[in-house]
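The values are calculated or read from the model by the stated rules, or taken from the named source; none is laboratory data. Owing to the predicted nature of the structure, the values given are computational and were not obtained by experimental measurement. In this analysis, Cβ positions are derived from the backbone assuming ideal geometry, glycine residues included, and neighbour counts consider all displayed protein chains. Remember, those area values only see protein heavy atoms, side chains included, never the ligands or the DNA or RNA. Shrake-Rupley method; radii C 1.70, N 1.55, O 1.52, S 1.80 Å.
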Amino acid sequence: MTKRIVVTGIGATSAIGGTAPDNWTNLLAGASGTRALEHDWVAQYELPVTFAAEAIVRPEEVLPRHEAKRLDPSSQFALIAAREAWADAGSPEVAPERLGIDFATGIGGLWTLLDAWDTLREKGPRRVMPLTVPMLMPNAAAGNLSLQFGARAYAQTVVSACASSTESIIHAFHHLQEGLADVVIAGGTESAIHPITMASFASAQALSRRNDDPATASRPGAIDRDGFVMGEGAAALILETEEHAKARGAKIYGYVLGGGVTADAYHITGNDPEGTGAARAVTQALEEAGITADQVTHINAHATSTPVGDPNEYVALKKVFGDRIDEIPVSATKASTGHLLGGTGALEAIFALLALRDRVAPPTINMTEPDPAVPFRLSGEAQPLGDGPQYAISNSFGFGGHNAVAVFAGADND
């Protein structure tokens with residue numbers, strides 16, 4: 001028998017809010033989390049891009065010092081988001097062997113790795129912390145969450161660049177379907193606003209260079225967009241079988257109906273301009289969800305604000321939705337939050353679920369003149385989703401040619 005999978009808790013920390021409710025409120029209000037970077041290393045290395053979307057609530061403001069010092073910032077953000085989601089779900093009573101972790105990252109413990117390298121070069125091997133490897137490894141967040149919550153069913157990490165946490169949600173869905181757990185903490189995290197990544201992305205001409213006006217730098221779908229904005233933070237969702245959630249009287253945000261995962265095999269950093277792989281991911285997701293393209297009422301687009309990526313996504317969705325793509329309310333929320341790389345899919349999954357709950361597509365800020373090559377139905381104002389059953393897809397595409405698409409349904413569809 002096919003199990004129905006529900007979301008019962010959410011948690012998030014990003015550039016526009018330290019909790020999931022704050023993120024949603026500020027997103028609807030049209031906030032921008034992009035600000036000038038106030039770090040000495042910006043001038044020290046003469047970085048060509050001097051702004052990013054740093055998490056507005058710093059981990060040291062939330063976590064005890066003894067706990068934070070044993071975790072890379074990426075794991076710190078993961079712990080903050082997961083604790084919020086767990087509490088929001090009512091701290092489910094579940095046997096440890098029936099609780100799983102699916103928590104992703106795109107890069108992992110970058111700060112720990114590079115700080116340790118500096119220590120080795122400057123002070124020698126005896127000064128390198130013994131916990132360096134456990135802190136820098138990409139699965140550190142998942143491992144630490146397993147320890148924190150006593151999850152013994154499994155603890156898994158997906159590393160698929162910017163598609164990572166959407167893949168984790170899809171994996172969690174499948175693990176619950178297969179009976180490997182009753183409850184799963186799924187999501188993603190990233191803390192990669194570091195001089196080396198900022199320099200590398202800038203060299204690749206992937207970042208916006210609007211140093212004079214950071215707040216409006218990310219402008220998906222606009223004709224004058226010039227690159228994405230680095231973001232950071234984490235988001236977590238508590239997924240359960242509907243049977244388990246209802247047995248304990250849990251509130252339900254919505255349903256995860258399925259997902260699609262494909263690869264482009266086109267270019268290590270660029271997505272296929274024909275959109276073939278991305279379109280297949282959407283089609284797979286809809287087929288697994290058991291709905292048609294005509295039933296989708298909202299799309300959270302990957303839409304990073306790069307000159308090439310945005311129109312390629314439109315081409316892909318046009319293959320699936322045809323002319324109807326121009327009628328579906330679309331949100332490009334990275335305009336507000338920046339791009340959280342491996343954490344972005346989970347954050348946008350939360351936004352998709354809340355959009356269905358409140359029947360409103362959040363605004364896409366910084367829309368100047370729309371690009372005719374990206375004629376999504378984007379708006380600087382929130383768009384009503386109307387009456388009737390609500391279904392959303394959330395897209396994530398990453399370096400390496402990774403495509404991941406998740407499908408969600410409103411809790412009140414029945």
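Taking every C-alpha pair closer than 8 Å and separated by at least 6 residues, the mean separation divided by the residue count of the chain gives a relative contact order of 23 percent. For the stretch 298-414, the fraction of C-alpha pairs farther apart than 24 angstrom is 19 percent. For the pair GLN44 and GLU369 in one chain, pulling the backbone fully straight at 0.36 nm per residue adds 113.4 nm over the alpha carbon distance.
Just to be sure I understand: of the beta bridges DSSP finds with both ends in the chain, what percent are antiparallel, rounded to 5?
So the antiparallel bridges amount to about 70 percent of the total.
Placing +1 on the Cβ of every Lys and Arg and -1 on the Cβ of every Asp and Glu, with no other charges, gives the stretch 40-165 a dipole of roughly 500 debye about its Cα centre. For the chain, which longest stretch is free of loop sites, where a loop site is one of the GluC sites (Glu not before Pro) that DSSP puts outside H, G, I, E and B and that has at most 15 other Cβ atoms within 10 Å? It works out to 179-273. Largest GNM mean-square fluctuation among ASP294, ASP102, ASP88, using the chain with Cα springs under 10 Å: ASP294.
Name the trypsin sites (Lys or Arg not before Pro) in the stretch 154-233 that are in a loop by DSSP and that have at most 15 other C-beta atoms within 10 Å, would you? The qualifying sites are ARG209.
Give me the distance between the Cα centres of the stretch 337-414 and the stretch 130-183, rounded to whole Å. When both Cα centres are located, 24 Å separates them. Lys-Lys pairs in the chain that are eight or more residues apart or on separate chains and whose Cα atoms lie under 22 Å of each other come to 4. Taking the accessible area of the chain, probe 1.4 Å, and keeping the other protein chains in place, the carbon and sulfur fraction comes to 53%. For the stretch 373-390, backbone nitrogen atoms closer than 15 Å to the point 7 Å from ASP358 Cα along Cα-to-C-beta are found at 380-386. Contact order for the stretch 123-229, expressed relative to its length and based on alpha carbon pairs under 8 Å spaced 6+ residues apart, stands at 14 percent.
Considering only C-alpha atoms, what is the centroid distance from the stretch 71-126 to the stretch 12-49, in Å? Taking the Cα centre of the stretch 12-49 as reference, the centre of the stretch 71-126 is 20 Å away. Charge dipole of the stretch 1-58 (Cα centre as origin; +1 on each Lys and Arg Cβ, -1 on each Asp and Glu Cβ, all else neutral): 520 debye, rounded to the nearest 20. Dividing the helix sum by the residues of the chain, where each DSSP H run of 4 or more adds -39500 (n - 2.57), gives a mean residue ellipticity at 222 nm of -9500 deg cm²/dmol. Solvent exposure of the stretch 38-132 amounts to 55 Å² per residue of accessible area, where only protein heavy atoms count and the probe is 1.4 Å.
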